[in-house]
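Remarks on the structure that follows.
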Amino acid sequence: MISRVLFLLIFVIFFSCDVYGMTRQQLKNSSKMLKKNCMGKNDVTEDLIGEIDKGKFIEERNVMCYIACVFQLSQTVKNNKLNYEASIKQVDMMFPPDIKEAAKAAIDNCKDTSKKYKDLCESSYWTAKCMYDYNPEVFLFP
């Protein structure tokens, strides 16, 4: 229920903005709710997850599950697996126009990473890390 409310809120924010997507700052601001919710669910601190968007991926289970939680609440997980099409759709809907294509290229480059892991937390962590490594300039993560 909470994930649907958060998604709906982000959806409403999106449609109150330009139809071409949010600015980086709007996207960052709207993801604060996802961050807060997932931090509580996964017992992580700002020290553990606060610099993921800068490439600091701490290889701990609770950090991995925090990343999975963000993906779940972002509606990019289907049947307990990361979903390529849903990820592309989110970028098309939410990301600023100047980084959409580059962000989709990172998703495309890393789409098979999750297939190496049966566990959603691990596959989410390594996929996010792959996307950061592919293009840190367009990697946005709460």
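The values are calculated or read from the model by the stated rules, or taken from the named source; none is laboratory data. Only a predicted model underlies this, so the values are computations on that prediction, with no experimental measurement involved. With ideal geometry, Cβ positions are generated from the backbone for all residues, glycine too; neighbour counts draw on all protein chains shown. Side chains are part of the model used for accessible areas, which takes the heavy atoms of the whole protein and leaves out ligands, DNA and RNA. Shrake-Rupley method; radii C 1.70, N 1.55, O 1.52, S 1.80 Å.
Some points to look at:
- Scanning the stretch 100-142 for residues that are of a type in the set (A, V, I, L, M, F, W, C) and either in contact with a Pro (Cβ under 6 Å, 6 or more places away or on another chain) or closer than 21 Å to Val63 by Cβ (or both) returns Ala106, Ile107, Cys110, Leu120, Cys121, Trp126, Ala128, Cys130, Met131, Phe139, Leu140, Phe141.
- Among (1) touching a residue at least 24 places away in the same chain (Cβ under 8 Å); (2) buried (at least 19 other Cβ atoms within 10 Å of the Cβ), the one test that Thr76 misses: (1)
Residue-by-condition table, conditions (1) at pLDDT below 95; (2) acidic (Asp, Glu); (3) assigned to a loop (DSSP other than H, G, I, E, B):
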{"residue": "Glu59", "(1), (2), (3)": "no, yes, yes"}
{"residue": "Cys69", "(1), (2), (3)": "no, no, no"}
{"residue": "Lys104", "(1), (2), (3)": "no, no, no"}
{"residue": "Lys129", "(1), (2), (3)": "no, no, no"}
{"residue": "Asp133", "(1), (2), (3)": "no, yes, no"}
{"residue": "Glu137", "(1), (2), (3)": "yes, yes, no"}
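- Boolean, Leu48 is modelled with pLDDT under 95 and assigned to a helix (DSSP H, G or I): no
- Asp92 of a type outside the set (Val, Ile, Thr), over 25 Å from Thr23 (Cβ atoms) and either part of a helix (DSSP H, G or I) or open to solvent by 30 Å² or more (accessible area, probe 1.4 Å) (or both): no
- Residue in the stretch 49-58 that is without any contact (Cβ under 8 Å) to a residue 24 or more places away in the chain and either surrounded by 19 or more Cβ atoms within 10 Å (Cβ to Cβ) or in contact with a Lys or Arg (Cβ under 9 Å, 6 or more places away or on another chain) (or both) present: yes
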